[in-house]
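*Asks:* Have a look at this one before I ask anything.
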Amino acid sequence: MYTETIKNKLGPCGLSCGKCFAFKDGEIKKHSLELKKHLGNFDIYAQRFSELLDEPSFKNYPAFKDMLNYFTSVECKGCRKESCKLFKNCKVRECHQEKQVDFCFQCAEFPCQQTGFDEHLHKRSIAINLKMKEIGVENYYNEIKQLPRY
Ligand code: SF4
Ligand code: SF4
């Protein structure tokens, strides 16, 4: 049987909230904060290095910093606690509550056509749910927990 911790890291659609860039306790946020801390005032040095070194990458530092700032500022508690910030048309969150299931594969209507996802995500959600059904949620979680989501 899977734990509440595992459930909170996986959405009912099967996608990994725990590995989402927006997840407030996720690795991407954690490492972005750490990287930001270690970079300190690198803005000034990026400017200097772009002049001193023959390396055009330093000119892109402001865009990189914008992305890093974004990664450090997003704060999603995960799909079990709040609406998804990425997939605005998701119907699964409300639907699984109505159907009183933790995951779509536990629903009598699975696989349905009412996830609200685009084709790519819809297929991915079905594939993940089939896998969880086959090997169990806990085993699935253990398989993916060291892998990146993206
Ligand atoms: S609910 Fe959506 S935005 Fe939030 S952590 Fe999960 S996948 Fe990411
Ligand atoms: S109806 Fe579809 S979206 Fe809703 S819980 Fe069942 S399988 Fe998931």
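*Asks:* Once the piece of chain linking L39 and N60 is laid out straight, how much longer is it, given 0.36 nm per residue of separation minus the C-alpha distance between them?
*Replies:* On the way: separation 21, 0.36 × 21 = 7.56 nm, distance 1.48 nm.
Between L39 and N60, full extension yields 6.1 nm more.
*Asks:* Now for a different question. Toward the positive end of the charge dipole of segment 25-73, about the Cα centre and with charges on Cβ (Lys, Arg +1; Asp, Glu -1), which of L33, F49, L68 goes farthest?
*Replies:* Of the candidates, L33 comes out farthest on the positive side.
*Asks:* Note down the magnitude of the dipole of segment 25-73 about its Cα centre, charges +1 on Lys and Arg C-beta and -1 on Asp and Glu C-beta and zero elsewhere, to the nearest 20 debye. Could the numbers behind the result be given before it?
*Replies:* On the way: 7 positive and 8 negative charges, 33 e Å.
It comes to approximately 160 debye.
*Asks:* Testing the spin-label approximation: label points 7 Å from Cα along Cα→Cβ at R124 and E75. State their distance in nm.
*Replies:* With each label point 7 Å from Cα toward Cβ, the separation is 2.6 nm.
*Asks:* Lys/Arg Cβ at +1, Asp/Glu Cβ at -1, dipole of the chain taken about the Cα centre: which of C79, A22, N139 is farthest positive-ward?
*Replies:* So the residue furthest toward the plus end is C79.
*Asks:* So what are the radius of gyration and Dmax for the Cα set of segment 32-90, in Å?
*Replies:* In order Rg, Dmax, the Cα atoms of segment 32-90 give 16.3, 50 Å.
*Asks:* Sort the following peptides by mean Cβ neighbour count (other Cβ atoms within 10 Å, averaged over residues), highest first: 60-70, 107-117, 2-12. Write down the numbers at each step before the final one.
*Replies:* On the way: 60-70: 12.5, 107-117: 14.2, 2-12: 17.6.
Highest mean packing first, the order is 2-12, 107-117, 60-70.
*Asks:* Using Cα centres only, tell me the gap between segment 50-69 and segment 73-150 in whole Å.
*Replies:* 37
*Asks:* Let me have the 222 nm mean residue ellipticity of the chain computed from DSSP H runs of 4+ only, each contributing -39500 (n - 2.57), with the sum over all residues rounded to the nearest 500. If you can, show how the numbers build up before the last one.
*Replies:* Values: 7 runs with 76 residues, N = 150.
Mean residue ellipticity at 222 nm (helix-derived): -15500 deg cm²/dmol.
*Asks:* Per q in 0.16 1/Å, what log10 I(q)/I(0) does a Debye calculation on the alpha-carbon atoms of the chain return?
*Replies:* Listed by q, the Debye log ratios stand at -0.87.
Read-outs: derived from the displayed coordinates by stated rules, not from any lab. Fair warning: this is a prediction, and the values are worked out from it, not measured in the lab. Virtual Cβ from ideal backbone geometry, glycine too; neighbours counted across all protein chains shown.
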